[in-house]
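Down below is the structure, laid out as structure tokens.
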Amino acid sequence: MSGSLLGIQIDAVYHTALVFGGIEYFFGAGVQTSYPGATHHGSPMQTIPMGTTHLPIEVILEYLDSLKAIYTMESYDLFLHNCNNFSNDFAMFLVGKNIPEHITSLPQTVLNTPFGQMLKPQLDNAMRGITQAPVPSTSVPQLGAQQQSNGYYHPQPNGIKEKEHVPGVVYKPTRVKQLDELLASAKDSCAVIFFTSATCPPCKIVYPAYEELAADAGSKAVLIKVDLSDAYEIGAKYQVRATPTFMSFLKGEKENEWVGANESQLRGNVKLLIQMAHPAHPHTLLRLPTLQLPHKTPVTYTKVPPIDKIINKMGASGSDPTVSALKEFVTHRQQSGAVDAPLPSLPALSTFILKSFKTLPPENLFPIADLFRVALVDPRLSGYFAQDRSSTILTILSAVIELDAKCPYTLRIVTLHLACNLFTSPLFPPKLLSDQVLSTPLLQLVTSSLLDTGHPPVRVAAASLAFNIAATNHMRRIAEQEDLLPDSSQVELVAGLLEAMGRERESKDGLRGLLLAVGLLKYAAPQGGEVDDLCEAVGAREIVAEAKAAFADLKELAKEVELVMK
């Protein structure tokens, strides 16, 4: 009836989903998953190959989590924010291209007709029972790697089996070689072996407690359960004569052995073992209310400039269709939020930026970087550029570094703001900090800008970027995970921060950022490590003490930083 009602022929009202890795992803009642073709929508009328993604599954799932904040059940709109918008955004991230335009443009085509506008509320309400119906429970797959029942081999997302320590897992080896490999993986930590058997009722009493201890231990300990009914060879080697028997190992050496299903003894011995293997850092025993906090929120620069004035400053480049698409995205996001702001073509945006930074004079690059800076606030866009193989961010950072003192003030400060906004995506920090190709120019940008004597706003922005870097690394450290920032990079950054701290007496915001950044990098740093050696060599505590006197309301923070410098 579309021809008679709307004046145009509508062949279908499309529902789309993306399928890869044997799972169908779509938007309805929030972001949903099913086995391919197993939703209430049934089998697809058409399957369109979109290409191949080489992104790791853990990166994809992390990006998917960021989309869930935008594609919520409440935000669904049949015409303005639907499954096709989700498929388009997800496809852009995975393969760098849009789904077919005749699908994404259909809602607007309908709304461009008078009758379409009139029918919009009724159609949206009438279709919700279909568009937001639940997926049958038998059709919902479990996302992420799942451990096999023996707890020894762990299927990876790509289907390849690897031997590795997965935190929180109770391992169940059946051969001596398997057990030896598990103990070897704990040579710098600790391990516990629980010897049990199928004919041991008391053993089953402590099964739940042992599983709970494994979950609590995480990566700090390797917990193993050996069923002697299936592992006679292991029992003979360790001369186990009764069940349950427990053996603990510390730094590769046997530490203790006890017998009996005493849950309190088990919990106490395992917790003591972990404390012996991972003694608390002295900083955790101090009262440091600011430095001990998890700093989850990065400093970002989200203010939207007058868009038309910015575009006018681009000269001939301002007439590029990519700029028009980016302007529309930024404007819609500012006025209506991310829900109503469909992404522009991100490969085209990358190409435009790369070409501009290679061909335009430095003074003309500021407006391009500034418009890009505003767009990066959206985690969909920043997530894409975190995996961008054309090195868009690297090109921008390298251009500012190469210009050095000749870099225009406007380009340098907007690049610092842009770099701060990269931390809106959880996908960016691991690449920014651990990938030397990106971390080298990033740290050069920070350290050189911290010493910009003529422009306090540049120093404040550099201190903010240093804080984002330090806070990201700090979050890993307090979660007892490996630092993202290599030791050499931490030394370089701390040296720059301390030098800037010794000079900064003009900007209170700048000095606060310096204190926070250096304090977070020093907090719980490895004792006797390179950062400790640097701080002692340059007299870091004295530098902090002098800075403490500069602004009265920074004294408490400076006292905390002084304490971690001891």
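The values are calculated or read from the model by the stated rules, or taken from the named source; none is laboratory data. In this text, all values refer to a predicted model and were calculated from it rather than measured experimentally. All Cβ positions, even for glycine, are placed from backbone atoms using ideal geometry, and neighbour counts span all protein chains on display. Accessible surface is based on the protein model in full, side chains and every heavy atom, while ligands, DNA and RNA are left aside. Shrake-Rupley method; radii C 1.70, N 1.55, O 1.52, S 1.80 Å.
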Pairs please, first residue from segment 518-532 and touching a residue at least 60 places away in the same chain (Cβ under 8 Å), second anywhere and exposed (fewer than 13 other Cβ atoms within 10 Å of the Cβ) and of a type in the set (D, E), Cβ atoms under 6 Å, 6+ apart in sequence or on different chains.
none
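Here is a yes/no grid of residues against (1) part of a helix (DSSP H, G or I); (2) free of Cβ contacts under 8 Å to residues at least 24 places away in the same chain; (3) of a type in the set (F, W, Y):
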| residue | (1), (2), (3) |
| --- | --- |
| N84 | yes, no, no |
| M92 | yes, no, no |
| N98 | no, no, no |
| F115 | yes, no, yes |
| L123 | yes, no, no |
When restricted to T196, T131, the only residue modelled with pLDDT of 60 or more, among the hydroxyl-bearing types (S, T, Y), within 35 Å of the chain's Cα centre (by Cα) and surrounded by 17 or more Cβ atoms within 10 Å (Cβ to Cβ) is T131
For G454, are the conditions met, namely being open to solvent by 10 Å² or more (accessible area, probe 1.4 Å), under 27 Å from D404 (Cβ atoms) and either under 22 Å from the mean Cα position of the chain (by Cα) or of a type outside the set (V, I, T) (or both)?
yes
Subset tally (residues that are open to solvent by 30 Å² or more (accessible area, probe 1.4 Å) and either out of contact with any strand residue (DSSP E or B) (no Cβ under 9 Å at 6 or more places or on another chain) or assigned to a loop (DSSP other than H, G, I, E, B) (or both)) for segment 1-36
20
Close pairs (7 angstrom Cβ cut-off, 6 or more residues apart or separate chains): outside any helix (DSSP H, G or I) in segment 332-349, among the basic types (K, R) anywhere
A341/R333; L343/R380
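Report yes if G51 is surrounded by fewer than 16 Cβ atoms within 10 Å (Cβ to Cβ), under 21 Å from A126 (Cβ atoms), out of contact with any Asp or Glu (no Cβ under 8 Å at 6 or more places or on another chain) and not hydroxyl-bearing (S, T, Y), otherwise no. Before you say what the answer is, go through the steps one by one.
Values: surrounded by fewer than 16 Cβ atoms within 10 Å (Cβ to Cβ): yes; under 21 Å from A126 (Cβ atoms): no; out of contact with any Asp or Glu (no Cβ under 8 Å at 6 or more places or on another chain): yes; not hydroxyl-bearing (S, T, Y): yes.
So G51 fails the test.
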Looking at segment 472-497 only, could you name the residues that are under 23 Å from the mean Cα position of the chain (by Cα) and either open to solvent by less than 10 Å² (accessible area, probe 1.4 Å) or of a type in the set (D, E) (or both)?
N473, H474, E480, E482, D483, L485, D487, Q490, L493
I need every pair where a residue in segment 213-234 that is aromatic (F, W, Y) has its Cβ under 8 Å from the Cβ of a residue that is assigned to a loop (DSSP other than H, G, I, E, B) and open to solvent by less than 10 Å² (accessible area, probe 1.4 Å), sequence separation at least 6 or different chains.
none
Of the residues in segment 476-509, those that are at pLDDT below 95, assigned to a helix (DSSP H, G or I) and of a type in the set (A, V, I, L, M, F, W, C) come to I478
For segment 387-395, indicate whether the set of residues that are surrounded by fewer than 20 Cβ atoms within 10 Å (Cβ to Cβ), of a type in the set (A, V, I, L, M, F, W, C), farther than 23 Å from K309 by Cα and free of Cβ contacts under 8 Å to residues at least 40 places away in the same chain is non-empty.
no
So for segment 237-257 (the condition being in a strand (DSSP E or B), open to solvent by 10 Å² or more (accessible area, probe 1.4 Å), in contact with a strand residue (DSSP E or B) (Cβ under 6 Å, 6 or more places away or on another chain) and without any contact (Cβ under 8 Å) to a residue 40 or more places away in the chain), does at least one residue qualify?
yes
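With respect to I401, determine if the residue is open to solvent by 30 Å² or more (accessible area, probe 1.4 Å), touching a residue at least 40 places away in the same chain (Cβ under 8 Å) and under 25 Å from G218 (Cβ atoms).
Details: open to solvent by 30 Å² or more (accessible area, probe 1.4 Å): yes; touching a residue at least 40 places away in the same chain (Cβ under 8 Å): yes; under 25 Å from G218 (Cβ atoms): no.
No; evaluated as a whole, the condition is false for this residue.
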Against the definition (in contact with an Asp or Glu (Cβ under 9 Å, 6 or more places away or on another chain), of a type in the set (A, V, I, L, M) and closer than 24 Å to H102 by Cβ), how does L5 come out, yes or no?
no
